Amino acid sequence: MATVLVVDDESDIRELLADTLLDAGFQVIEAANGESALARASRDQPDIMLLDISMPGMDGFEVLWRLKEDPYTQELPVILLTAVPAYEGEKMGMDLGIKHYICKPWEPGVVEAVVRVALAEETVSDAVAQEVIKVENEILDGKLGGGIPLGSLSLIEGESSAGKSVLCQQLTYGALLGRRCIAYFTSESTAEALVPQMASIGLKVSSYIRNGNLRIDQLEEPTADTDPERVMDELVENIEELPNRYRVIVVDAITNLAAYSEEKTITRFFSSCKRLCAEGRTIILVAHSQAFEEKLLIRLGALCDTHLRLSVEKVGAKLVKSLEVCKIRNAQAITGDIVNFDVEPGLGIRVSPITRVRG
């Protein structure tokens, strides 16, 4: 059921529009001014906005401009509400890059019809929109078959200092650029330290945190007295209880938690994450390889939709990081590709042109 944000400073018009849309089967939220409209658009993520142009304070023109400034609302379809004649409304819409408008007063059935047409166009547009999370590195994304599929469970595992955290930070940034909202659980760094750490490799996320599109939560670290099953169950519950807007979840890392856990507990945790992915979440789990017995790691890799392994290898006289694509759902490329890369300050991942295939 699509949600329509109705923005008009006149309460009787908002009430009339809301009644019309509710009767047509839509969900409706309202805003009485421009500031409120921007706040609700960012927080509630409606499917479409009906926007009055003539409002005191911040008018519809400024609202449109502010919507376009925010990467998370710039693609929000907008229908203008205007009292100008039809021919002027059409020109106004074209000048503003808006395809649809409704003239006040409107004829019966017009509001529902225009909203349905605009939503249908958006559905077609979404069908060709990004359905993967990209690293935003052309070579590496190519080896990933285009990127990590949405709605998938991914495991990034490898040895120490192999670039696991950097890779998931790059994926996080790519998801943010793709207008996805991220919940990032970290045990590798504090929430306060993660932002400057990402900025040091060119991933500036402060604005995404301020507007709520990226949230960072500290992951509980187990001790000898910790019940790992409880911690894993609580992590699953925390993911389930996230606001609906956070559809991408990164957990960096579950190494220590897995080291304290029995095999059945780890398997149950991965199965629970897989269930959440089937319900629409995208979950990326990060761990050191030594956290798992070899046979368990094989089973976990089979359970995941994407399995990436990182290592440090000697190429000539230089130590480089290597990424092996063990498995990726829907990828057209052959898995087993090994990509060498390094991490450069201020730039992030730089891929070596040499690619190998595991023999």
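The values are calculated or read from the model by the stated rules, or taken from the named source; none is laboratory data. None of these values were measured; they are calculated from a predicted model. Here the Cβ positions follow ideal geometry from the backbone for every residue, glycine too, while neighbour counts run over all protein chains shown.
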Going through the range 19-35 in order, the residues found to be in a loop (DSSP other than H, G, I, E, B) and either among the polar types (S, T, N, Q) or over 22 Å from Asp59 (Cβ atoms) (or both) are Ala24, Gly25, Phe26, Asn33
All positions within the range 166-185 that are at pLDDT 90 or above and either among the polar types (S, T, N, Q) or surrounded by fewer than 19 Cβ atoms within 10 Å (Cβ to Cβ) (or both) | Gln169, Gln170, Thr172
Does Ser36 qualify as being of a type in the set (Gly, Ala, Ser), surrounded by fewer than 17 Cβ atoms within 10 Å (Cβ to Cβ) and under 16 Å from Tyr101 (Cα atoms)?
-> no
If Met55 passes every condition in (1) assigned to a loop (DSSP other than H, G, I, E, B); (2) within 28 Å of the chain's Cα centre (by Cα) but one, which one does it miss?
-> (2)
Failed item, numbered, when Thr226 is tested on (1) hydroxyl-bearing (Ser, Thr, Tyr); (2) more than 21 Å from Val343 (Cα to Cα); (3) surrounded by 19 or more Cβ atoms within 10 Å (Cβ to Cβ); (4) over 15 Å from the mean Cα position of the chain (by Cα) = (3)
Residues in the range 286-305: is at least one of a type outside the set (S, T, N, Q) and within 15 Å of Tyr184 (Cβ to Cβ)?
-> yes
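For (1) of a type in the set (D, E, K, R); (2) touching a helix residue (DSSP H, G or I) at 6+ places or on another chain (Cβ under 8 Å), each residue gets a yes or a no:
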| position | (1), (2) |
| --- | --- |
| Ile182 | no, yes |
| Phe185 | no, yes |
| Glu192 | yes, no |
| Ala199 | no, yes |
| Ile209 | no, yes |
| Asn213 | no, yes |
| Gln218 | no, yes |
| Ala224 | no, no |
| Pro228 | no, yes |
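Residues are listed down the side, and each one gets a yes or a no for (1) outside the structural domain of Ala18 (by TED's automatic domain parsing); (2) under 18 Å from Glu10 (Cα atoms); (3) of a type in the set (Ser, Thr, Tyr); (4) at pLDDT below 80:
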position	(1), (2), (3), (4)
Ser36	no, yes, yes, no
Val63	no, yes, no, no
Met94	no, no, no, yes
Cys103	no, yes, no, no
Report yes if Pro243 is part of a loop (DSSP other than H, G, I, E, B), under 21 Å from Thr190 (Cβ atoms) and modelled with pLDDT under 90, otherwise no.
-> no
Going through the range 276-300 one residue at a time, which ones are of a type outside the set (Asp, Glu), closer than 24 Å to Ala175 by Cβ and in a loop (DSSP other than H, G, I, E, B)?
-> Gly280, Arg281
How many residues are surrounded by fewer than 19 Cβ atoms within 10 Å (Cβ to Cβ) and in contact with a strand residue (DSSP E or B) (Cβ under 7 Å, 6 or more places away or on another chain) when one looks only at the range 277-287?
-> 1
Ile209 vs. criteria free of Cβ contacts under 8 Å to residues at least 24 places away in the same chain and of a type in the set (A, V, I, L, M, F, W, C) = yes
Is it fair to say Gly34 is more than 18 Å from Glu75 (Cβ to Cβ), more than 30 Å from the chain's Cα centre (by Cα) and without any contact (Cβ under 8 Å) to a residue 40 or more places away in the chain?
-> no
Inspect all residues belonging to the range 293-309 and state whether any of them is in the same structural domain as Ile338 (by TED's automatic domain parsing), at pLDDT 90 or above, surrounded by fewer than 23 Cβ atoms within 10 Å (Cβ to Cβ) and within 18 Å of the chain's Cα centre (by Cα).
-> yes
Considering (1) within 15 Å of Leu285 (Cα to Cα); (2) at pLDDT 85 or above, say which one Lys134 fails and leave the rest.
-> (1)
Boolean, Thr226 is among the β-branched types (Val, Ile, Thr), assigned to a loop (DSSP other than H, G, I, E, B) and over 30 Å from Ser42 (Cβ atoms) = yes
Could you look through the range 264-276, keep only residues that are under 23 Å from Ile133 (Cα atoms) and among the basic types (Lys, Arg), and pick out the one that is surrounded by the most Cβ atoms within 10 Å (Cβ to Cβ)?
-> Lys274
Can you tell which of Lys314, Lys264, Lys295 is among the charged types (D, E, K, R), under 21 Å from Val166 (Cβ atoms) and without any contact (Cβ under 8 Å) to a residue 40 or more places away in the chain?
-> Lys314
Report, by residue number, each residue of the range 317-331 that is touching a residue at least 60 places away in the same chain (Cβ under 8 Å), in a loop (DSSP other than H, G, I, E, B) and under 21 Å from Arg350 (Cα atoms).
-> none
